[in-house]
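Structure first, then comments.
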Amino acid sequence: MSTMMAARAHPGARELSLENLPVPTPGEGEVLVKVASAGIAPGMMKLLEMGRFKHLPTTPGHEIAGTVVALGRGVDAAWQDARVRVHPMLSCGQCDYCRSDRQQMCNDAAMMGHAGFGRGPMALYAKYHNGGLAEYACVPADLLDRLPAHVSFDVGAKVHDLANAVRALKGAALPATGRLVITAATGTMGTASIKLARFYGARELVLVGRSRERLEALRPLAGDLPVQLAVLDELAPDWAETQGLTKRLRELMPRGADAVLDYFPDGPGSAQAASAMAQGASFVHMGGSNAALPFALRDMMIFCWRFVGTRACTRSDTDEVLALLADQRLDAEDLITHRFGLQQVNEALEATRTRTLPIWMAVVKP
């Protein structure tokens, strides 16, 4: 096949356009992947509007899984026909951050098919800004991970989000008591965190979200962990002004939460969840909220609280997810609730943005 269908982002466009493009030819150190599944990130179009996609037009989609169908010069022949997922993080590989498992903080940090975050030249991003919302993707061979035979391409595409949750759970550094609050629990990161929490020290969970029906559906994801629910729609109408969420969390966890994984994108819920923490607790934020935390530094000192900001994941995090999948301690298939064809890519983006449907994780299947 000489041409392929791809979803393209153009300057100023509010939707992606479907276009026929030449199938790329892999160069030295590269492979061509026939995309079987590409993950959809809810914030992708927002980042596009903010100008974080530095090279337009481009093919978005940083979560890629498929089969290697062609090898560039110098690539090990063992990769031919391999079932793979692509690690999208691009970085220099030489700086202090890259050499200490913090590649997302590199000055050249960017994600293939996604946004550029670094303040440096991001040379790799200039070369590999195209992603996986297409029938084929050309990627560096050193960013490939083999998928275990029993792991679907859909789960393979979402390893990145699972690894984001691993990074957040590591930041929580839960003590033996393991009391964990997860906000915005019904979203992609919330559901991934519920699935993985038991492997990173959680002993009991409180899940925070708007709808009881949607929260109740999450209970099986926690396995044998005790689960309680804090339902925002059941709080008093003035809960935002009267610390209603804090009060509810203290009722559910009278000794306080040992950690909060906060995925709220905005609003007062983040600060109110933090106010329900125990002494020595950790607050980990990965929601991109502009809200401020109303604490004096003295409060942080007195209660020995830790506040951790984190974004993305590293290869060590994805390695841990792949190991859990490989030995079947982790089964993430039930997290994939929606599948779309490439022709439906804008419908998929809108559905994940609005969350009018009970979506946990969504993929596009070119």
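The values are calculated or read from the model by the stated rules, or taken from the named source; none is laboratory data. Since we're looking at a predicted model, the values are computed, not measured. Cβ: placed from backbone, ideal geometry, glycine included. Neighbour counts: every protein chain shown. Heavy atoms of the whole protein, side chains included, go into the accessibility calculation; ligands, DNA and RNA do not. Shrake-Rupley method; radii C 1.70, N 1.55, O 1.52, S 1.80 Å.
First compute the accessible area of the stretch 100-193 with a 1.4 Å probe, then give the percent of it belonging to carbon and sulfur atoms.
The computed percentage sits at 55.
Taking θ = phi - 60°, what integer Hz values does the Karplus form 6.51 cos²θ - 1.76 cosθ + 1.60 yield along the stretch 285-302, in sequence order, with x for Gly and Pro?
Rounded to whole hertz, the list is 10, 9, x, x, 6, 8, 5, 9, 8, x, 10, 6, 4, 4, 4, 4, 5, 5.
Quick one: 3J(HN,Hα) in Hz for the stretch 137-152, Karplus 6.51/-1.76/1.60 with θ = phi - 60°, rounded, Gly and Pro as x.
Working through the residues one at a time gives 9, 9, 9, x, 4, 6, 9, 8, 10, 6, 8, x, 4, 8, 8, 6 Hz.
How large is Rg over Rh for the stretch 86-148, taking Rg from the Cα atoms and Rh as the Kirkwood inverse mean of 1/r across Cα pairs?
Radius of gyration relative to Kirkwood radius: 0.98.
Quick one: pull the percent of accessible area on the stretch 248-349 belonging to carbon and sulfur, 1.4 Å probe, ligands and nucleic acids left out.
Using a 1.4 Å probe with all protein chains present, the stretch 248-349 comes out at 52 percent carbon and sulfur.
At 1.567 mPa s and 4 °C, plugging the Kirkwood radius over alpha-carbon pairs of the stretch 199-290 into Stokes-Einstein gives what diffusion coefficient in µm²/s?
95 µm²/s
Please list the non-local residues whose amide H lies under 5 Å from the amide H of F307, H modeled 1.01 Å from N, same-chain partners needing a gap of 5 or more.
F283
Residues of the chain: accessible area per residue at 1.4 Å, in Å²?
Using a 1.4 Å probe on heavy atoms only, each residue of the chain averages 42 Å².
Could you state the per residue volume, in Å³, of the convex hull enclosing the Cα atoms of the stretch 1-126?
Taking the convex hull of the Cα positions in the stretch 1-126, it is 124 Å³ per residue.
Counting only protein heavy atoms, what percent of the accessible surface of the stretch 9-66 is carbon or sulfur at a 1.4 Å probe?
Carbon and sulfur: 52 percent of the exposed surface of the stretch 9-66.
Which pairs, out of K54/K365; K46/K365; K46/K247, put more than 31 Å between their alpha-carbon atoms?
K46/K247
Using only Cα atoms, figure out Rg for the stretch 136-188 and give it as a multiple of 2.2 N^0.38 Å.
Normalised Rg, Cα atoms only: 1.54.
Rounded to the nearest 20 Debye, what is the dipole magnitude of the stretch 9-117 about its Cα centre when Lys and Arg each give +1 and Asp and Glu each give -1 at the C-beta?
180 debye
For the chain, count all C-alpha to C-alpha pairs, find those more than 36 Å apart, and express that count as a whole percent of the total.
Tail of P(r) above 36 Å: 21 percent of Cα pairs.
Tell me which residues come under 5 Å, amide H to amide H, from V231 once H is placed; ignore anything under 5 positions away on its chain.
none
Going by alpha carbons, how many degrees (0 to 90, nearest 10) lie between the helix axis of 345-354 and the longest principal axis of the chain?
The angle comes out near 10 degrees.
Which is farthest toward the positive dipole end of the stretch 27-161 among Q80, V69, L144, measuring Cα position about the Cα centre, with Cβ charges +1 (Lys, Arg) and -1 (Asp, Glu)?
Going by the Cα projections, it comes out as L144.
For the stretch 209-366, state the semi-axes of the equivalent ellipsoid (square roots of 5 times the eigenvalues of the alpha-carbon gyration tensor), sorted largest first and rounded to whole angstrom.
30, 21, 17
Cross-link candidates for K170: which lysines have Cα within less than 23 Å, leaving aside residues fewer than 8 places away along the same chain?
K158, K195
Calculate one ³J(HN,Hα) per residue across the stretch 108-113 by plugging θ = phi - 60° into the Karplus curve 6.51 cos²θ - 1.76 cosθ + 1.60, and present them in order as whole Hz with x for glycine and proline.
9, 5, 7, 10, 3, x
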